[in-house]
Every structure is written in structure tokens, then in C-alpha cells.
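The values are calculated or read from the model by the stated rules, or taken from the named source; none is laboratory data. This structure is a prediction, so every number in the text was calculated from the model and none was measured. Cβ: placed from backbone, ideal geometry, glycine included. Neighbour counts: every protein chain shown. Please note that ligands, DNA and RNA were not included when accessible areas were found on the heavy atoms of the full protein model with its side chains. Shrake-Rupley method; radii C 1.70, N 1.55, O 1.52, S 1.80 Å.
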Amino acid sequence: DTEVTQTPKHLVMGMTNKKSLKCEQHMGHRAMYWYKQKAKKPPELMFVYSYEKLSINESVPSRFSPECPNSSLLNLHLHALQPEDSALYLCASSQGGPPPNSPLHFGNGTRLTVT
Amino acid sequence: LAKTTQPISMDSYEGQEVNITCSHNNIATNDYITWYQQFPSQGPRFIIQGYKTKVTNEVASLFIPADRKSSTLSLPRVSLSDTAVYYCLVGDGSGATNKLIFGTGTLLAVQP
């Protein structure tokens, strides 16, 4: 079990669908992250929210739309995805604020398949 | 900005000490170095974090030389359950807060 909960665990969607990935943490962390991980590759940073504001967008295509409704929740809205977007999507949180970088706590991810 | 690189794979036997290195030539002054373990279909799990010299906890040690351009994760006596991918995580070199980038990862295979 992890302290960061991601739902759903698995998602299959067509290229015309709209879906959302959800992430929740109750550790009082103020920074939340989305990473994308392809098979046999390291996780790649997509977005970072710090104190509920988007602070980093790693040039992610607009078909991925993040949202941070409050300090405990992080969503990733998906629309018009491509098959190459199939991957494990990982959410993480950390205490946030200035360095030292407090360790990231990861969820177990959502396995996304785009057909 | 340079990539953070690690050996692709390492093999070991149960009970041995394993040292995994990470090269991070562009580390920023304010960056810490963090190591994670990842099993298939799970999220990375925190192992240890440090800034300089040596840090030790109940599962690992982390050695960081004075120039901080590399780090070494040391697992004292590995077991079969330590078979996993190990990643270092550092900033991207720009100094931007929370812009944390994974190294290329090392697959550790522990044999009986």
C-alpha cells in the first residue's frame, strides 16, 4: 500500500474518448507531480503543481490537461490521445517549498492503453 | 542539459554488497540526490537521500564525493527480493525547484 492513491489502476480508452486519471494524498504535501513511464524506461516528468499552482509543464501536448482542485487532489484529463500515449502514469507528492528537495512519494500508477 | 546516467544492469548473488553509481555532471548547487527502487507495475519507492559525503539508513548507504558529480548507492547484503530497477533522481541542472529528473536506471538481478 502507498500513501498516494491513484485511480483507476487500469484504463483502456479509444482515441476519441475523454477520461481522467485521479490522484489523492493526505500527507499534507504541497507539491504534486505527474510522471509518464514507458516500458523499460525511467519515469519522465510531465507536470508539477506547487501550492496548487502549475509550476512546471515539460512541453506536454495539450491533449493532456492537469488540474489541482485542492492540496490533496491531482487530476490528469485526457482527450484525443494517440496509441503512443499508452504508458504507466505515475502521480507523486512531496512536502514542497524550497530545497532541500523532500523525497517524492509515488502512487502505483494508472496503466493506460489507448486503442 | 546532460542526462543523468547509470549502468544499464548489474548482477549479484545473495549476501553480497552491491554498489550502483549515478553520474550527474550538471547537478545544481541546491540539488539533493535521491535514490528509488522500482518493482514491475509499481511506483518507485524511496530508499535514501543525501547532499554530500555519506548518508546511511537501515537499508542502504549513499556516498557522494566532494564535487557531487556522481553518487553511489550501496546495498550491504542483497537478497533475492532486492531484484528491481534502481534510479537516482536529481534536479535537471537548472536549479528550478521540483524539476526532478530520473536517471537512466539500473536493473539489479540477484541470484541465489
Worksheet item: Do we have any residue at all in the range B:88-110 that's touching a Leu at 6+ places or on another chain (Cβ under 6 Å), touching a residue at least 40 places away in the same chain (Cβ under 8 Å), outside any loop (DSSP other than H, G, I, E, B) and more than 14 Å from chain A (Cβ to nearest Cβ)?
Response: yes
Discussion item. Test of understanding: among B:Thr104, B:Thr29, B:Thr56, B:Thr72, which residue is of a type in the set (S, T, N, Q) and within 24 Å of A:Leu90 (Cβ to Cβ)?
Written reply: B:Thr104
Discussion item. Is it the case, given these coordinates, that B:Pro7 is without any contact (Cβ under 8 Å) to a residue 24 or more places away in the chain and in a loop (DSSP other than H, G, I, E, B)?
Written reply: no
Practice prompt. Only residues that are in a strand (DSSP E or B) and surrounded by fewer than 19 Cβ atoms within 10 Å (Cβ to Cβ): list them for the range A:89-113, please.
Written response: A:Arg111, A:Thr113
Discussion item. Checking the conditions here, which among B:Asp31, B:Asp11, B:Asp82, B:Asp67 is among the acidic types (Asp, Glu), open to solvent by less than 20 Å² (accessible area, probe 1.4 Å) and out of contact with any helix residue (DSSP H, G or I) (no Cβ under 8 Å at 6 or more places or on another chain)?
Written reply: B:Asp31
Worksheet item: In this structure, is A:Leu90 of a type outside the set (S, T, N, Q), under 27 Å from B:Ile47 (Cα atoms) and free of Cβ contacts under 8 Å to residues at least 60 places away in the same chain?
Response: no
Practice prompt. Could you please tell me which pairs satisfy a Cβ distance under 8 Å, a separation of 6+ or placement on different chains, a first residue in the range B:42-64 that is more than 12 Å from chain A (Cβ to nearest Cβ), and a second residue that is exposed (fewer than 15 other Cβ atoms within 10 Å of the Cβ) and not basic (Lys, Arg)?
Written response: B:Ala60/B:Pro76; B:Ser61/B:Pro76; B:Leu62/B:Thr56; B:Phe63/B:Thr53; B:Ile64/B:Thr53
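Test of understanding: among A:Ser72, A:Ser86, A:Ser59, A:Ser65, which residue is open to solvent by 20 Å² or more (accessible area, probe 1.4 Å), at positive phi and more than 7 Å from every other protein chain (Cβ to nearest Cβ)? Before the answer, list the steps.
Working: A:Ser72 fails: at positive phi; A:Ser86 fails: at positive phi; A:Ser65 fails: at positive phi.
Only one candidate qualifies: A:Ser59.
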Response to the item:
Expected single match for part of a strand (DSSP E or B), open to solvent by 60 Å² or more (accessible area, probe 1.4 Å) and not aliphatic (A, V, I, L, M) among A:Lys36, A:Lys19, A:Lys41 is A:Lys19
